[in-house]
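Step one of this worksheet: look at the structure below.
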Amino acid sequence: MIKNKDGKDLTEAEEIKKRWQEYTEDLYRRDKNIEDSFDGVVSELEPDILRSEVEWALRSTANNKAGCILSPYLFNLYAEHIMRRVGLDESKARVKISGRNINNLRYADDTTLMAESEEELRSLITKVKEESAKAGLQLNIKKTKIMTTRPIDNWQIEGENVETVTDFIFLGTKITADADCSQEIRRRLLLGRRTMANLDKIVKSRDITLATKVRIVKAMVLPIVTYGCESLTIRKAERRKIDAFELWCWRKILRVPWTARRSNQSILQEIMPGYSLEGRLLEAKLKYFGHIMRRQESLEKITMLGKMEGKRKRGRPRARWMDGILEVTGLTLKELGAVTADRELWRGLVHEVTKSRRRLND
């Protein structure tokens, strides 16, 4: 039975939900007098989770059906309890970026563990599996995948084989071992084409106006292509493919075959789409960049601006995400820090850069 702060039993669903919200907020609240270090001890967080309450959350999570208002709160609380028992903050297994140790990324029921060596990663996964088993959850090895930056053979956890992959889908985006965004861009364009194919009857209908068709494409097709674009590093080859996809969509709406001798300019003048698709991608990236730069300290900012230890491979350096931001704005990182601090000034710069963005074939 869940009790309030005064020890009174709670029976109403709304009261229980509110109590779990209080617990969830308190779990992440640190004492203001404690130094904000990245290797702090979990026991410094208040309040502690009572064993009886965790057990109740376990039974409720197992019995609740999808759509229950308590399920996400209970699951987050329970997952946090397990990860604290694993001791991730104290673990030596990690990837270091600008002095910060990072060994896990979690969103809902998706958990990613990271380490610099096979031994560290195996130890980390084993601990998570053991603590999950103690709490009544089983780690599904068949759904667990391992991705490394160098080839490995026959990866096992306690005698069970774990699938090794060169890419995987995380939160709807393809992550590759070589950190190349071209595969994700091609995948997004393919999903956009499939969506256009599903809208074929609407696109070819003569009862729907051109303006309505354009709005439908902007609302149902382009967002599929731009999903997760804030993290993409787009090179000139990918820009050409994005431009080609956009023109293909507009030609399909106008029922103009690729064999017809019509210039891209004439197509765009008839459609009047405003920003180019690549411009929309750039706008989303710049807005995200400004949002992260205005934060005092965060994991995203450390990852964006920080550097990893070690040396890169020989050869020409690959295009980096930050290189694209510096190129389109024409500013240094120090200047960008000052501009992003002023929201109105940054909005004006983003609008100007996006508006002036031209398609490569214009």
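Annotation note: of Thr149, Thr112, the sole residue that is under 19 Å from Asp167 (Cα atoms), among the polar types (S, T, N, Q) and either part of a helix (DSSP H, G or I) or at pLDDT 85 or above (or both) is Thr112.
Within the group Arg312, Arg316, which residue is free of Cβ contacts under 8 Å to residues at least 40 places away in the same chain and under 27 Å from Asn101 (Cα atoms)? Step through it out loud before you land on a result.
On the way: Arg316 fails: under 27 Å from Asn101 (Cα atoms).
Exactly one residue qualifies, and that residue is Arg312.
Determine whether the range 231-245 contains at least one residue that is in a helix (DSSP H, G or I), among the hydroxyl-bearing types (Ser, Thr, Tyr) and either more than 17 Å from Arg188 (Cα to Cα) or open to solvent by less than 30 Å² (accessible area, probe 1.4 Å) (or both). Scanning the range 231-245 turns up no residue that is in a helix (DSSP H, G or I), among the hydroxyl-bearing types (Ser, Thr, Tyr) and either more than 17 Å from Arg188 (Cα to Cα) or open to solvent by less than 30 Å² (accessible area, probe 1.4 Å) (or both). Every residue in the range 307-362 that is in a loop (DSSP other than H, G, I, E, B), surrounded by 11 or more Cβ atoms within 10 Å (Cβ to Cβ) and of a type in the set (Gly, Ala, Ser), please. Hit for the range 307-362 is Ala319, nothing else. Listed by first and then second residue, the pairs with beta-carbon distance under 6 Å, at least 6 apart or on different chains, first residue in the range 131-144 and modelled with pLDDT of 85 or more, second of a type outside the set (Ser, Thr, Tyr) and part of a loop (DSSP other than H, G, I, E, B), are Thr144/Val162. Applying the set (1) out of contact with any Phe, Trp or Tyr (no Cβ under 9 Å at 6 or more places or on another chain); (2) over 21 Å from Leu171 (Cα atoms) to Leu137 leaves exactly one unmet item: (1). Asp180 meets each of the listed conditions (1) acidic (Asp, Glu); (2) under 17 Å from Thr111 (Cβ atoms); (3) open to solvent by less than 50 Å² (accessible area, probe 1.4 Å) apart from (2). Restricting attention to the range 273-306, the residues that are under 17 Å from Ser356 (Cβ atoms) and in a loop (DSSP other than H, G, I, E, B) total 4.
The values are calculated or read from the model by the stated rules, or taken from the named source; none is laboratory data. None of the values given here were measured: they were computed from a predicted structure. Glycine also receives a Cβ, built like all others from the backbone with ideal geometry; neighbour counts cover every protein chain displayed. Please note that ligands, DNA and RNA were not included when accessible areas were found on the heavy atoms of the full protein model with its side chains. Shrake-Rupley method; radii C 1.70, N 1.55, O 1.52, S 1.80 Å.
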